[in-house]
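The values are calculated or read from the model by the stated rules, or taken from the named source; none is laboratory data. All values derive from a computational prediction rather than experimental measurement. Don't worry about glycine lacking a Cβ; one is built from the backbone with ideal geometry, like all the others, and counts go over all protein chains shown.
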Amino acid sequence: MNKNNITHLKNKLAGLVCLFTVFGCSTHTAQSNNKNINKGGESASLASVKTSNTLLESASLFASLPDYCPTPDAFAVSPSGELTLSCVNYANKGLQAGVLVNINNDKTFTKIAQLSGPNNKGKGRPMGLAYAPDGALFIADNQGAGKARLLKLTLKNNKVINTQIVAKGMSSPNGVRYQNGYIYVTQLRVPSKNKAETLSGIYRFKATDTNILVTNSTDDPHLLFLAKTANKQRKFGLDGLVFDSQGNLFVTNLGDDLIYKLTFDTNNNLLSQSTYATLTKGSGPDGLTIDPQGNLYAAGFLNNQVIKIDTNQNVTVIASYPDNNSENGELDQPADIIYYKGSLLMSNFDLLTGPGITNTGHGKPYTVSEIKLHNK
């Protein structure tokens, strides 16, 4: 990222340095093949590139969010079916602490927690989140380079009764998923000795781990998978992730507009990696979800899109919007996406601006959009 772009972001977000580690805001986005660096798995051949199609659907308003959620980010569904949303709250100069909120069936809201930073100082910045089968909630608290944490919250009656640190010292944790007793966390940037290259990764921790110190180096024992982003204009990598019913892991690369597929053996060791799909150039895939039929859906963060990747790896843009305020549920910089009760729900981040980004500013209303699927 060049100095002019960094200055632009600083002016826009009033010095919220931690946000720069989360998303790229740069000049044009270029498409290139990604070079993967395998940690412990045998490299698989790249998937063939399918032609992108467009079949537009209309998004509608699912929920207008309360004032304490100006920057909605990630979704998770609890074992009992409650829909939880993280509000990282970088908007409005970051004056509001990040919160966790349940969106109830009647579209009312239950605030679960307002998070504080390390040592109960400062403001929490919850991003990705995932529930374990026992109801424990794992949160990526993105405090900025070297200060970010993976937290485990124990809940009772929608209140936090205990908080544990699973891992600390991370630079930019984002997406979170639980699978078979492990927590998988994406990190948009992994520091490299070669300043010219952009690395990102997936970290894996046991759900029972506590106070793991992440080294942010390429030889960290908890670093499962590394990817190199080829796009020099948007130097960010792995972001959203989701498992399918067979235990395969899919993950987006925001900078290179790619989705990878990772497979595992019966001992949960990384077995293979491949490029599963190449998305529309400049879409900036962020969050990722899957429907019961195995179709993937990515949130096109940069261009207000939802992109479908079917089980034959065909890529289709199913929704795309110009800049707007999402008053009627239009997509307004969708950050995360989740399959929920036959629909796709998208959180509208509505914050970052710059070259290659459709969004031009932040403002009310704060919303979640919905697209009802025909194959439910």
Sort out which residues of region 102-116 are touching a Lys or Arg at 6+ places or on another chain (Cβ under 9 Å) and surrounded by 18 or more Cβ atoms within 10 Å (Cβ to Cβ), and write them in order of number.
-> ILE112, ALA113, GLN114, LEU115
Which one of the conditions (1) touching a Lys or Arg at 6+ places or on another chain (Cβ under 8 Å); (2) in contact (Cβ under 8 Å) with a residue 40 or more places away in the chain; (3) charged (D, E, K, R) does LYS159 fail to meet, given that it meets all the rest?
-> (1)
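Which ones in region 219-239 are of a type in the set (A, V, I, L, M, F, W, C) and either surrounded by fewer than 24 Cβ atoms within 10 Å (Cβ to Cβ) or assigned to a strand (DSSP E or B) (or both)? Walk me through it before giving the result.
So the first thing to find is which residues in region 219-239 are of a type in the set (A, V, I, L, M, F, W, C), and the list is 223-227, 230, 236, 238.
Of everything in region 219-239, those that are of a type in the set (A, V, I, L, M, F, W, C) and either surrounded by fewer than 24 Cβ atoms within 10 Å (Cβ to Cβ) or assigned to a strand (DSSP E or B) (or both) turn out to be LEU223, LEU224, PHE225, LEU226, ALA227, ALA230, LEU238.
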Restricting attention to region 60-74, and to residues there that are of a type in the set (S, T, N, Q) and not in a loop (DSSP other than H, G, I, E, B), which single residue is nearest to ASP141 (Cα to Cα)?
-> SER64
Criterion (part of a loop (DSSP other than H, G, I, E, B), hydroxyl-bearing (Ser, Thr, Tyr) and farther than 28 Å from LYS341 by Cα) met by exactly one of THR275, THR280, THR215, THR311 = THR215
Within region 81-101, residues surrounded by fewer than 16 Cβ atoms within 10 Å (Cβ to Cβ) and at pLDDT 95 or above come out as GLY81
Among strands (runs of 3 or more DSSP E) lying entirely in region 80-179, which contain 2 or more residues that are under 17 Å from ASP239 (Cβ atoms) and among the small types (Gly, Ala, Ser)?
-> 126-131
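Every residue, every condition in (1) in contact (Cβ under 8 Å) with a residue 40 or more places away in the chain; (2) assigned to a loop (DSSP other than H, G, I, E, B), yes or no:
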position: ALA335; (1), (2): yes, no
position: TYR339; (1), (2): yes, no
position: MET346; (1), (2): yes, no
position: ASP350; (1), (2): yes, yes
position: PRO355; (1), (2): yes, yes
position: THR360; (1), (2): no, yes
position: GLY363; (1), (2): no, yes
position: ILE371; (1), (2): yes, no
position: HIS374; (1), (2): no, yes
